[in-house]
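The values are calculated or read from the model by the stated rules, or taken from the named source; none is laboratory data. Quantities reported herein were computed from a predicted structural model and do not represent experimental measurements. All Cβ positions, glycine included, derive from the backbone under ideal geometry; neighbour counts span all protein chains shown.
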Amino acid sequence: MAAVRELQKDLEAKANDLSKIQKDISKNHQVRKKYTIQLGENELVLKELDLLNDDANVYKLIGPVLVKQDLAEANANVRKRIEYISAELKRLDSTLQDLEEKQNSKKEAMFKLQQRIQSLQAGKDKA
Amino acid sequence: MVKGTVTSLSSIFAPDDALKASVHVQEVISQRQKEVQQLQAFLNDNTSLVNLLKKLPDQLHHDIMVPFGKAAFFPGKLIHTNEFMVLLGEGYYAERTSKQTVEILKRRGKGLDSQIESLNAVIKDLKFETSFFDETATEAAEGIVEIREDYVEEAFDEDKATTSGQDDFASILSRIDQLEKEELESELAEEGEEKDEADIEPEFRNLEIKESLDIPVYRDSHIKVPTPSGSNTPMRPVDHNISKEGLSRAPMSRDEVEVSTLASTSSSSNVSSKTRVAASSSSNASSKTSVAASGSSNASSKTSVAASMSKEVSNFGSRSSNDKAFTGSIVERTHNIENSQKGQTSAPASKPVSRFKLQRK
């Protein structure tokens with residue numbers, strides 16, 4: 001009896017861990033989505049900036065202020081931002097993989113626990 | 001009597017599950033359609049903006065009513081009609097003329113178009129899925145069953161070969177048998193399988209015959225079963241292989257040896273029937289005589305075959321009734337129908353052929 005209860009507590013703890021991991025995974029997905037959209041937008045901006053003449057005026061919206069920017073500076077900034085976002089995405093990918101692996105292992109452990117509990121229960125019922 | 005498994009479709013695809021799945025997919029479809037509508041709205045805005053941009057530089061300044069607060073306007077002028085501050089994205093603005101802005105907007109419109117197209121393709125696929133689920137649900141609900149039967153070789157009545165449709169079948173099948181013999185002879189003559197035909201055409205015809213001979217091969221094996229000759233029974237597993245690989249020559253050759261021996265024992269007119277096919281594939285002509293010789297040598301060992309030949313001949317006709325299950329191969333035989341009918345019009349009165357002539361319309 002005590003063994004069964006212990007196992008069940010263990011199972012609950014593992015279930016909590018699993019739900020945490022799943023929340024982390026969904027958060028990861030959301031952040032990834034955001035970053036992907038930003039990356040797309042930045043690439044569009046880069047394309048348009050390339051099409052501009054050198055003497056065209058570029059402004060950046062910083063808060064309520066439109067600040068005039070140098071075209072070269074703007075280009076560099078956009079490129080840096082693109083690199084940063086790509087790096088972030090890669091990092092998130094690896095984190096996501098880790099989380100998924102953890103999730104799978106937790107699921108397996110839980111399944112085994114459940115099986116043990118069931119066999120114990122069956123044994124108890126027979127006795 | 002016939003072994004078979006009857007599985008009702010509802011056991012494989014529960015109708016409730018199919019319906020649920022279809023509903024789920026339909027929800028996804030509606031989601032995608034909303035996205036498409038949104039993109040379409042963007043596209044419309046884009047085009048209207050482009051039109052406005054084209055009109056603005058027409059005047060040096062426009063007289064307009066400028067909004068002031070929530071509920072007030074005052075008259076004003078719109079100046080610098082060719083200078084636009086375009087949002088490029090990510091908080092970056094660029095000063096551009098009207099024409100340049102129009103170009104930027106057009107490029108954005110193209111991007112939107114491609115997005116809409118891909119979404120539409122996705123929606124189409126999802127719609128196919130829902131229709132499939134709906135169909136399976138209705139079928140399962142109606143109680144349509146999937147019946148699988150092993151092909152059992154049986155002896156059947158000789159009286160069944162009376163209807164005209166079966167007559168055609170019998171004649172066609174007999175024709176195919178004879179063509180098979182031709183092939184066999186050509187194979188035997190050369191000992192090699194692919195080196196044989198100089199002409200490509202007869203090879204194609206032979207291949208055609210082979211492919212459509214799935215059932216006739218079976219038939220022949222059936223025919224051999226009732227015969228007391230022991231060597232025939234091992235052919236059965238071979239025949240099964242033949243049906244799977246219609247073009248596998250090695251087992252076919254053995255089968256055709258049997259067929260040719262059976263044919264030659266029945267009557268010498270088979271040689272003439274072979275000549276019919278020889279008209280189109282002349283390379284087989286020389287091989288036939290050699291096979292006929294080998295056939296006659298085997299004839300002595302299988303005299304009992306001749307006795308049962310009559311039964312086999314009638315089985316040809318009755319066989320056709322069972323062959324109707326294999327509609328796939330029957331379709332192929334339509335090629336041979338024309339060929340065989342042309343050939344049979346000039347057929348001499350050979351014993352097996354004459355029987356088929358009687359059975360024919």
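Just a few scattered comments:
- Looking across segment A:35-59 at every residue that is among the acidic types (D, E) and facing chain B (nearest Cβ under 7 Å), the one that is farthest from A:Y84 (Cα to Cα) is identified as A:E48.
- Flag if A:R32 is within 14 Å of chain B (Cβ to nearest Cβ), part of a helix (DSSP H, G or I) and modelled with pLDDT of 90 or more: no
- Enumeration of residues in segment A:60-72 that are within 11 Å of chain B (Cβ to nearest Cβ) and either part of a helix (DSSP H, G or I) or in contact (Cβ under 8 Å) with a residue 12 or more places away in the chain (or both): A:K60, A:L71
- The test for being within 29 Å of the chain's Cα centre (by Cα), closer than 30 Å to B:E83 by Cβ and within 14 Å of chain B (Cβ to nearest Cβ) holds for A:V78.
- Filter pass, A:L11 being farther than 21 Å from A:E101 by Cα and either facing another protein chain (nearest Cβ under 9 Å) or part of a helix (DSSP H, G or I) (or both): no
- You will find that of B:Q26, B:Q100, the residue that is in a helix (DSSP H, G or I), under 40 Å from the mean Cα position of the chain (by Cα) and surrounded by 14 or more Cβ atoms within 10 Å (Cβ to Cβ) is B:Q26 and no other.
- Condition check for B:V50: surrounded by 11 or more Cβ atoms within 10 Å (Cβ to Cβ) and either at pLDDT below 95 or part of a helix (DSSP H, G or I) (or both): yes
- A:E48 fulfils the conditions (1) in a helix (DSSP H, G or I); (2) at pLDDT 90 or above; (3) surrounded by 16 or more Cβ atoms within 10 Å (Cβ to Cβ) except for a single criterion, (2).
- If you filter segment B:53-86 down to residues that are within 60 Å of the chain's Cα centre (by Cα) and surrounded by 14 or more Cβ atoms within 10 Å (Cβ to Cβ), you find that the one that is nearest to the other protein chains (Cβ to nearest Cβ) is B:V86.
- Residue pairs whose Cβ atoms lie under 6 Å apart, separated by 6 or more positions or on different chains, with the first residue in segment B:100-119 and more than 8 Å from every other protein chain (Cβ to nearest Cβ) and the second among the aromatic types (F, W, Y), are B:T101/B:F84; B:L112/B:F42.
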